Amino acid sequence: MSVYKIEAGTAQHLGNRPQQNDRAALYTAAKAPGYVMAVLADGMGSGSAAPEQVLHTSKQLFDDYRAGETASLARLQELLRGIAQETHDVLAMNPLGASGEPQSTLVLLVLTPQGQAVWACVGDSRLYRFANTQCAARSGDADYVEHLVNVDKLPPEAAKKHRSSRLLANVLGNRLKAPFVTVGVHQGLQPGDAFLLCSDGLWQYFTDTELANALARGTPRQASEMLINKAIERAKGQGDNCSMAIIKLVAPPKEVPTYTVQKMGKAV
């Protein structure tokens with residue numbers, strides 16, 4: 001019997017934008033029983049075509065993934081990098097439309113039946129890992145800035161300003177630069193662990209502690225409703241699209257005996 005059961009859900013709000021360019025989804029693998037994937041993509045103001053492509057490619061490659069008797073973290077990292085690269089290649093081949101290049105951020109998370117988590121991120125959408133009411137880890141710009149300095153040989157100050165440069169923007173679909181994929185792994189998942197994938201329309205309004213407490217105190221649906229309402233309030237009429245996927249690991253319910261205890265009679 002598993003030491004935990006999974007509670008999961010996705011949620012979105014339009015914010016104060018004319019259309020919803022974020023996408024979030026949860027998938028199971030057709031050829032890998034017990035594996036679960038969460039996906040989040042932010043269309044970066046270029047419409048919903050790029051996030052839709054993220055979902056399509058993620059589901060297609062995840063359904064093709066065949067698991068062995070034990071999970072291979074290296075293979076799962078390769079799978080997530082492959083999803084990012086294939087999505088990027090498809091978007092880069094699209095002709096320019098009226099709205100410009102189709103581009104998207106990306107956050108992927110896979111949980112295995114062996115209590116492992118593997119994730120990958122591109123862009124400023126985030127992944128958080130919580131242990132009860134503590135933020136144990138989250139994605140950010142640090143790895144990408146280090147990459148720009150060490151690999152692209154950019155001066156540190158120029159690397160830190162990458163968001164304002166189209167050339168340096170780390171997104172899927174940028175024809176001028178291949179995406180930099182940040183990956184992470186955690187083993188030994190336990191009840192009380194939780195993951196949040198979200199767009200910047202959500203995380204910019206909360207501290208890590210606030211997010212951890214929100215997920216710890218309620219179901220994914222309750223947490224998402226509270227976070228969306230609070231984000232709308234704090235945005236003061238200037239809110240972006242707000243989207244998230246939540247996965248919580250909770251202790252399984254105690255099994256109730258289905259048998260009746262009766263006093264045995266004397267043996268003859």
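Every read-out reported here was derived from the displayed coordinates using simple, explicitly stated rules and does not represent laboratory data. This structure is a prediction, so every number in the text was calculated from the model and none was measured. Neighbour counts run over all protein chains shown; Cβ positions are idealised from the backbone, glycine included.
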Item checked: FRET E, pair R217, L176, Förster distance 45 Å, beta-carbon r, rounded to 0.05 -> 0.55
Item checked: For D240, distant residues with modelled amide H under 5 Å away -> N16
Margin query: Taking loop as defined by DSSP and a crowding limit of 10 other beta carbons within 10 Å, which GluC sites (Glu not before Pro) in region 28-104 fit?
Written below: E69
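Give me M44, M226, M244, M93 ranked fewest to most by other Cβ atoms within 10 Å of their Cβ, as a rough exposure proxy.
M93, M226, M44, M244
If you take every residue apart from R23 with its C-beta less than 13 Å away from the C-beta of R23, what net charge results, scoring Lys and Arg +1 and Asp and Glu -1? Walk me through the intermediate numbers first.
Details: positive: K59; negative: D22, D42, E52.
So the surrounding residues net to -2.
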Item checked: Whole-Å distance, taken between Cα centres, linking region 5-52 and region 121-143 -> 17 Å
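Would you please name the trypsin sites (Lys or Arg not before Pro) within region 1-79 that are DSSP coil residues with at most 16 other C-beta atoms within 10 Å of their C-beta? If you can, show how the numbers build up before the last one.
Values: sites: K5, R23, K31, K59, R66, R75; in loops: K31, R66.
Those that pass, being in a loop and sparsely packed, are K31, R66.
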Check: How many nm is it between the label spots at N94 and R81, if each spot is 7 Å from the Cα in line with the beta carbon?
Finding: 2.6 nm
Check: What does the charge add up to near A117, with Lys and Arg as +1, Asp and Glu as -1, over the other residues with Cβ less than 14 Å from its Cβ?
Finding: +2
Margin query: So, R0 is 30 Å and r is the distance between the beta-carbons of K230 and H56; what FRET efficiency does that work out to, to 0.05?
Written below: 0.40
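Could you line up H186, H88, H13, H56 from fewest to most neighbouring Cβ atoms inside 10 Å? Don't skip to the end; give the middle numbers.
Values: H186 17, H88 27, H13 24, H56 13.
Fewest-to-most ranking of H186, H88, H13, H56: H56, H186, H13, H88.
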Checklist line | Nearby aspartates and glutamates by direct alpha-carbon distance to K236 (threshold 16 angstrom, same-chain neighbours under 8 apart not counted) | finding: D200
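Compute the relative contact order of region 5-249 as a whole-number percentage, counting only Cα pairs closer than 8 Å that sit 6 or more residues apart in sequence.
On the way: 522 pairs, mean separation 70.2, N = 245.
This gives 29 percent for region 5-249.
Provide the FRET efficiency to the nearest 0.05 for the E7-Q134 pair, computing r from the beta carbons and using R0 = 22 Å. Display every interim value, and only then the final one.
Working: r = 19 Å, r/R0 = 0.85.
E between E7 and Q134, to the nearest 0.05, is 0.70.
I'd like to know how region 5-249 sits against the 2.2 N^0.38 Å rule of thumb: what's its Cα Rg over that expected value? It would help to have the intermediate numbers written out before the result.
Working: Rg = 17.3 Å, N = 245, 2.2 N^0.38 = 17.8 Å.
Here the Cα radius of gyration is 0.97 times the empirical estimate.
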